[in-house]
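To keep things clear, I will list the structure first and then write my remarks on it.
The values are calculated or read from the model by the stated rules, or taken from the named source; none is laboratory data. Just so we're clear, the structure is a prediction, and the values are computed from it rather than from any experiment. Using ideal geometry, Cβ is built from the backbone for each residue, glycine included, and neighbour counts are taken over all protein chains shown. Just the protein is used for accessible areas: all its heavy atoms, side chains included, with ligands, DNA and RNA removed. Shrake-Rupley method; radii C 1.70, N 1.55, O 1.52, S 1.80 Å.
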Amino acid sequence: QVQLVESGGGLVQPGGSLRLSCATSGSSRTINTMGWYRQAPDKQRELVAAITSGGSTVYADSVKGRFTISRDNARNTVYLQMNSLKPEDTAVYYCNAVIFIATIGRFNTYWGQGTQVTVSS
């Protein structure tokens with residue numbers, strides 16, 4: 001059974017930094033794209049950043065230059081380094097992974113439980 005376990009959220013002042021981590025239980029050879037989404041109160045869930053198995057990345061315009069996504073395939077873990085945080089970054093952040101399930105012969109999408117990030121003075 002695939003599980004995604006997030007950590008690293010919390011309360012930080014504007015301009016501060018946080019690093020989110022998400023560990024998965026799948027084999028690195030079967031994990032395709034990994035990413036981070038966020039959902040603020042009364043807003044839809046949105047993509048923050050994603051990274052392919054080959055290391056290509058994509059970022060939301062609102063976080064470009066401030067956030068960096070990376071992955072450690074040996075540890076089956078994806079990270080999100082968040083710098084210069086703003087109050088509008090406040091949201092629940094969800095880890096996402098697209099994993100190939102050999103027993104059914106197709107990719108499935110999995111989500112973490114979410115971690116709260118609050119940016120406030």
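May I ask for the percentage of alpha-carbon pairs in the chain that lie more than 24 Å from each other? Please list the in-between numbers first.
Working: 1681 of 7260 pairs.
Counting every Cα pair in the chain, those more than 24 Å apart make up 23 percent.
Of the solvent-accessible surface of the chain, computed with a 1.4 Å probe over protein heavy atoms with every protein chain present, carbon and sulfur atoms account for 46 percent. A simple spin-label model places the labels of Thr109 and Gln13 3.8 nm from each other, with each point 7 Å out along Cα-to-Cβ.
Here the 3J(HN,Hα) profile of segment 11-25, calculated from phi with Karplus coefficients 6.51, -1.76 and 1.60 at θ = phi - 60°, is 9, 9, 7, x, x, x, 10, 9, 10, 9, 10, 9, 9, 10, 9 Hz, Gly and Pro shown as x. Per residue, the chain exposes 54 Å² of accessible surface when a 1.4 Å probe is rolled over the protein heavy atoms with every protein chain present.
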